[in-house]
Amino acid sequence: MNTFIAIVIIFGLLVFIHEWGHLVFAKRAGILCREFAIGFGPKIFSFKKNETTYTIRLLPLGGFVRMAGEDPEMIEIKPGYEVGLKFDNQDRVTDIVVNNKSKHPDCKVIQVEKIDLEHKLFVQGYVPDEEGLVTYEIHPQARFIHDEEATQIAPYDRQFSSKTIPQRAMAIFAGPLMNFALAVVILALYALIAGLPVDESVVGDVTDDGVAVEAGLESGDRIVSIDGESVATWEEMTSIIQGSPNESLLFEVERGSETFEVQMTPEERMGPEEQVQGVVGIYPPTEFNILGSILFGFTTTYEYTVLILEALGMLVTGQFSLDHLAGPVGIYSYTGEVAAMGILVLMQWAAILSVNLGIINLLPLPALDGGRLMFIGLEAVRGKPIDPQKEGMVHFIGFALLMLLMLVVTWNDINKFFL
């Protein structure tokens, strides 16, 4: 249950921040955002504020912001259609009732001859029992009412494709950007809570078990030398300890105004890259600094970014196999292990996942934000947009291949963790 709660909170936050970035910059560009959704599939909960419907959907596998103009409009009115019209006090059409007109007795029925809902915003047609054509102006925020559900029209200047290349690029790039920003914030909060490591040969704290607590070391003790070799920094001290597993070492310790010596034998433990290291069970000293914590957030986010990019490079060059990739099942399992280590480790894991989500979305692959940015870049180079139908087909094929990859990775995860 703890793992499930951690997954819901972490993924909910990552997806929310990502899609919120798209939403904010799209609205700033004047794009009509019809829906802001967390998850896919059937709606569980929804509410509408201003022009956007905010929804939570059944399958928590991502989210989306549905911008006007990205997909063909769901409702198309052709000449000969009969629709009902409702007006404001300036005689502008505010509602276009597509069907069930009997449920709207106050609407004026018109047989459409011409209608422009993108540029000139007018409807022209014939009204029963009236002679000649009549023309009405349509409000820029008028609504279709179809099956008693209202959908706002999207004039061309409110559509995604009408915006400048920088505006569209920023609306797409903002999602991954927010993931990097979230990682910075999480890591800065982590540093404020846990403290920043100080590179001094001082015992920050001791573990509940281990040779250090058995030897009587306490928080604040300064290690002056090890086997006669002077040490001044944490790196110098740990380098000797890690390189001396199962070897007896003489530590010169300074506590306040007193100096004494203790003998300790570092215990053997497996370190990174399957190398044996020595440990005595001490933590580094820390300090609490707001500016330092913010800097830690930026520098550590950069370090995570470099590590993930290096791993992707190794995957492309064949140094990593698909077996090293983790899908939803693998991430769920790893999150359970991390959650058992405490909230601070979980915060670092959330930051890593946020950076990973930002990088993956920026890859120039169809159906991802990076793929959409690639098409916007091609438009900038060509001086004209790519055919929307061709672009849509590329994204569809890319999405299908990504789903296939997800199935392969998930099957590997199931074999790895459960079979």
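The values are calculated or read from the model by the stated rules, or taken from the named source; none is laboratory data. Just so you know, these numbers come straight off a predicted model, no measurement behind them. Neighbour counts are summed over all protein chains in view; Cβ atoms, including those assigned to glycine, are modelled from backbone coordinates with ideal geometry. Heads up: the accessible areas ignore ligands, DNA and RNA and are worked out on the full protein's heavy atoms, side chains in. Shrake-Rupley method; radii C 1.70, N 1.55, O 1.52, S 1.80 Å.
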*Hey, could you check segment 15-58 for residues that are part of a strand (DSSP E or B) and touching a Pro at 6+ places or on another chain (Cβ under 8 Å) and say which is nearest to TYR156 (Cα to Cα)?*
ILE38
*Is there a residue being in contact with a Lys or Arg (Cβ under 9 Å, 6 or more places away or on another chain), open to solvent by less than 80 Å² (accessible area, probe 1.4 Å) and either closer than 30 Å to LEU401 by Cβ or at pLDDT 85 or above (or both) anywhere in segment 331-351?*
yes
_Lone qualifier among ASP147, ASP157, ASP205, ASP221 - being under 30 Å from GLN263 (Cα atoms) and open to solvent by 40 Å² or more (accessible area, probe 1.4 Å)_ = ASP205
*Of the residues LEU121, LEU187, which single one is under 30 Å from ALA350 (Cβ atoms) and open to solvent by less than 80 Å² (accessible area, probe 1.4 Å)?*
LEU187
*First in segment 104-130 and of a type in the set (Gly, Ala, Ser), second anywhere and in a strand (DSSP E or B), Cβ under 7 Å, 6 or more apart*: GLY125/ILE110; GLY125/GLN111; GLY125/VAL112; GLY125/GLU113; GLY125/VAL134
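So, in segment 227-243, how many residues would count as being buried (at least 18 other Cβ atoms within 10 Å of the Cβ) and either closer than 15 Å to VAL211 by Cα or among the charged types (D, E, K, R) (or both)? Before you say what the answer is, go through the steps one by one.
Pass one, segment 227-243, residues buried (at least 18 other Cβ atoms within 10 Å of the Cβ): 231, 234, 237-238, 240-241.
Now narrow it down to the ones that are either closer than 15 Å to VAL211 by Cα or among the charged types (D, E, K, R) (or both): 238, 241.
Total satisfying the criteria: 2.
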*Would you point out the residue of segment 356-380, among those that are open to solvent by less than 30 Å² (accessible area, probe 1.4 Å) and among the hydrophobic types (A, V, I, L, M, F, W, C), that is nearest to ALA183 (Cα to Cα)?*
ILE359
_I'm told ARG143 meets every condition in (1) over 33 Å from the mean Cα position of the chain (by Cα); (2) within 17 Å of LYS86 (Cα to Cα); (3) charged (D, E, K, R) except one. Can you identify the failing condition by its number?_
(1)
*Somewhere in segment 1-12, is a residue at pLDDT below 95, within 30 Å of PHE375 (Cα to Cα) and assigned to a helix (DSSP H, G or I)?*
yes
*Which fully enclosed helices (runs of 4 or more DSSP H) of segment 343-419 have 1 or more residues being small (Gly, Ala, Ser) and under 30 Å from THR299 (Cβ atoms)?*
343-362, 369-382
*So THR135 clears everything in (1) open to solvent by 20 Å² or more (accessible area, probe 1.4 Å); (2) within 30 Å of GLY21 (Cα to Cα) except one condition, right? Which one?*
(2)
*Residues GLY297, GLY243: which one is of a type outside the set (Ser, Thr, Tyr) and closer than 24 Å to ASN356 by Cβ?*
GLY297
*Might you check whether a residue that is modelled with pLDDT of 90 or more, open to solvent by less than 30 Å² (accessible area, probe 1.4 Å) and over 43 Å from the mean Cα position of the chain (by Cα) occurs anywhere in segment 43-63?*
no
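Conditions tested, residue by residue: (1) in contact with a His (Cβ under 7 Å, 6 or more places away or on another chain); (2) modelled with pLDDT under 95; (3) not in a loop (DSSP other than H, G, I, E, B).
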residue: ASP157; (1), (2), (3): no, yes, yes
residue: PHE173; (1), (2), (3): no, no, yes
residue: MET178; (1), (2), (3): yes, no, yes
residue: LEU182; (1), (2), (3): no, no, yes
residue: ALA188; (1), (2), (3): no, no, yes
residue: SER219; (1), (2), (3): no, yes, no
residue: GLU235; (1), (2), (3): no, yes, yes
residue: ILE241; (1), (2), (3): no, yes, yes
residue: PRO245; (1), (2), (3): no, yes, no
*Can you tell which of VAL408, VAL338, VAL394 is of a type in the set (Val, Ile, Thr) and in contact with a Pro (Cβ under 9 Å, 6 or more places away or on another chain)?*
VAL394
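Return yes when ARG168 is among the basic types (Lys, Arg), within 30 Å of ASN100 (Cβ to Cβ) and touching a residue at least 60 places away in the same chain (Cβ under 8 Å) and no when it is not.
no
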*asked:* Could you check segment 401-419 and list, in sequence order, the residues that are over 18 Å from ASN361 (Cβ atoms) and either surrounded by fewer than 12 Cβ atoms within 10 Å (Cβ to Cβ) or modelled with pLDDT of 80 or more (or both)?
replied: LEU404, LEU407, ASN415, PHE418, LEU419
*Quick one: CYS107 ticks every box in (1) surrounded by fewer than 14 Cβ atoms within 10 Å (Cβ to Cβ); (2) closer than 30 Å to THR135 by Cα; (3) not β-branched (Val, Ile, Thr) except a single one, so which number is it?*
(1)
